[in-house]
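Notes follow the structure.
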Amino acid sequence: MEHPVIARIMDTGYPVMNHLRNENTVDALGNDVFPEDDILVLEDQFFLVDSLSKESKEVLELLGATYEEAQ
């Protein structure tokens, strides 16, 4: 299995970029994350809340993830 960011780079030659800030903003699952999106942060990883199922959110919360707003 290949990470979505690696697949994107191999296909296009470029990582997914946030063109507003010119920064790579992709969550741990390869979803685009933009400023003010809700994310769940667990240690050094973050996840776009809108892309997670209810069960996934519950598991991340049990593991200690916190809700934050993407910068």
Taking the stretch 47-71 and keeping only residues that are in contact with a strand residue (DSSP E or B) (Cβ under 9 Å, 6 or more places away or on another chain), of a type in the set (A, V, I, L, M, F, W, C) and surrounded by fewer than 14 Cβ atoms within 10 Å (Cβ to Cβ), one is left with Leu63
Selection from the stretch 26-71 of residues hydroxyl-bearing (Ser, Thr, Tyr) and without any contact (Cβ under 8 Å) to a residue 12 or more places away in the chain yields Ser53, Ser56
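Only the coordinates and a few stated rules stand behind these numbers; no lab work does. Please read all numbers here as calculations on a predicted model, not as lab measurements. Note: ideal-geometry Cβ built from the backbone for every residue, glycine included; neighbour counts use all protein chains shown.
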